[in-house]
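Here's the structure we're looking at; comments come further down.
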Amino acid sequence: MSATARPVPDPSQGRRGYLLIDDVTIAYGKSVAVDSLTLEIAEGELLSLLGPSGCGKSTTLRMIAGFVPPVSGHVMLNGRDITRKPAHKRNIGVVFQSYALFPHLSALENVGYGLRMRNISRAERQERAKAALETVGLGAFAGRLPGNLSGGQQQRVALARALVIEPEVLLLDEPLSNLDANLRAEMRDEIRALQQRLGITTLFVTHDQQEALAMSDRIAVMKDGLVSELGTPQQLCDAPRSAFTAGFLGARTVIGGQVEAGIFRAKGTQCAGAPEGATQMVLRASRLRPAAEASGPLALSGTVSTVSYLGEAFEIDLAAASGPVRMVIPSDLAPPAPGQSIAVQALPGAVTFI
Ligand code: ADP
């Protein structure tokens, strides 16, 4: 496939606004699903839309693909206004959660189908579809019907079908949800590697924070039809600006309180070094450790309610006066026992204030 020969843009250098969603509102009847959304995606970037079910991720993706018209606002792709362009005239590849393969067509015919719609000759269709299947590691499966392929292989066929048209943008709508846990992690890495190799600008929709953290250049955290926070995975993890982001990005404890003379105080707990005006303290689970007694800036203790073994780590839930606290410790450390009273020690980077 000639897409492989494209110069690969570096997303940090890429043109901002290669895909620009400008003040877009989308409604189903009278109900607004996406509310004045503005988002820029750089050339070659993989940007994830991450958020709970119903927050408007798929609607945004379907609008970019041309399946749902916006009520207002514009979509610009590579400097062109595509807001009113029909879906089949947009040069955009889409992969859905359900793969949406034709069951009676072989892998090769499924991949070539999109080219048929574009009046490309049979010989060229065959050649390009074959190359696309090879790109996703399925060269040997060209003749198989979807029913005779595994879930992961069907997923790859869907990906090849999206890529064969050499799209300017790739849209992935929860493409890993139907795979079991092991395959999901494998496909996640494969899709990211392929995206980087091809340098293709990609919008990835997911409700799974691990997926978003592992794959993205940047993540837009969505809530109620709005982008509530935008940043690199590291920015969002290290310094979330809202309790929603902190809560959504994994095992976080958010404690409400107030600051007096640099000390954050909440029921039964306090922490030194807080900025004036902070109203919430966020604790990162993987940076907390059980201790016999409090030491350092954080004074927090409680009773262990549950200890779960996760293979690589123990997940420990604690009942504290300020509310539940979660910590995740490496499994080579000895965990406390349920019912035990312990203090919480904060490692560097454990505490953020909002
Ligand atoms: P997400 O992808 O984040 O789960 P969606 O974009 O699917 O969210 O949905 C956003 C909102 O729009 C939800 O309130 C949902 O119920 C509503 N919605 C989605 N699709 C339709 C539809 N075809 N008709 C009516 N309402 C819809």
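Given 0.36 nm per residue, what is the gain on full extension from Ile263 to Thr279 after removing their alpha carbon distance, in nm?
Details: separation 16, 0.36 × 16 = 5.76 nm, distance 1.14 nm.
Fully extending the segment from Ile263 to Thr279 adds 4.6 nm.
Based on the inverse mean of 1/r over its pairs of different Cα atoms, what is the Kirkwood hydrodynamic radius of region 19-237, in Å?
Answer for region 19-237: a Kirkwood hydrodynamic radius of 17.7 Å.
Which value, in debye to the nearest 20, gives the size of the charge dipole of the chain about its Cα centre, when Lys and Arg are +1 and Asp and Glu are -1 at the Cβ?
980 debye
How many nm is it between the label spots at Arg80 and Ala292, if each spot is 7 Å from the Cα in line with the beta carbon?
7.1 nm
Counting DSSP beta bridges in the chain, what percent are antiparallel, to the nearest 5?
Expressed as a percentage, antiparallel bridges in the chain total about 75.
Could you state the angle between the C-alpha long axis of helix 122-135 and the longest principal axis of the C-alpha atoms of the chain, as a value from 0 to 90 degrees rounded to the nearest 10?
Result, in degrees: 20.
For Asn182 and Asn148, FRET efficiency with R0 = 35 Å and r from the beta-carbon atoms, rounded to 0.05?
Rounded to the nearest 0.05, the efficiency is 0.95.
Expressed in nm to one decimal, what extension gain is obtained for the pair Lys30 and Ala87 from 0.36 nm per residue of sequence separation less their Cα-Cα distance?
Details: separation 57, 0.36 × 57 = 20.52 nm, distance 2.35 nm.
My answer for the length gained is 18.2 nm.
Cα atoms only: what Rg and Dmax, in Å, come out for region 165-302?
In order Rg, Dmax, the Cα atoms of region 165-302 give 19.0, 62 Å.
Restricted to Cα positions, what overall size does region 284-345 have along the principal axes? Three whole-Å values, descending.
If we take the Cα atoms of region 284-345, the spans are 29, 21, 19 Å.
Quick check for you: which residues of region 128-143 have the amide N under 18 Å from the point 7 Å beyond the Cα of Arg118 toward its beta carbon?
Answer for this model: 128-136.
Quick note: the coordinates plus some simple rules give every number you see, no bench work behind them. Computed from a predicted structure; not experimentally measured. Note that each Cβ is placed from the backbone with ideal geometry, even for glycine, and that neighbours are counted across all protein chains shown.
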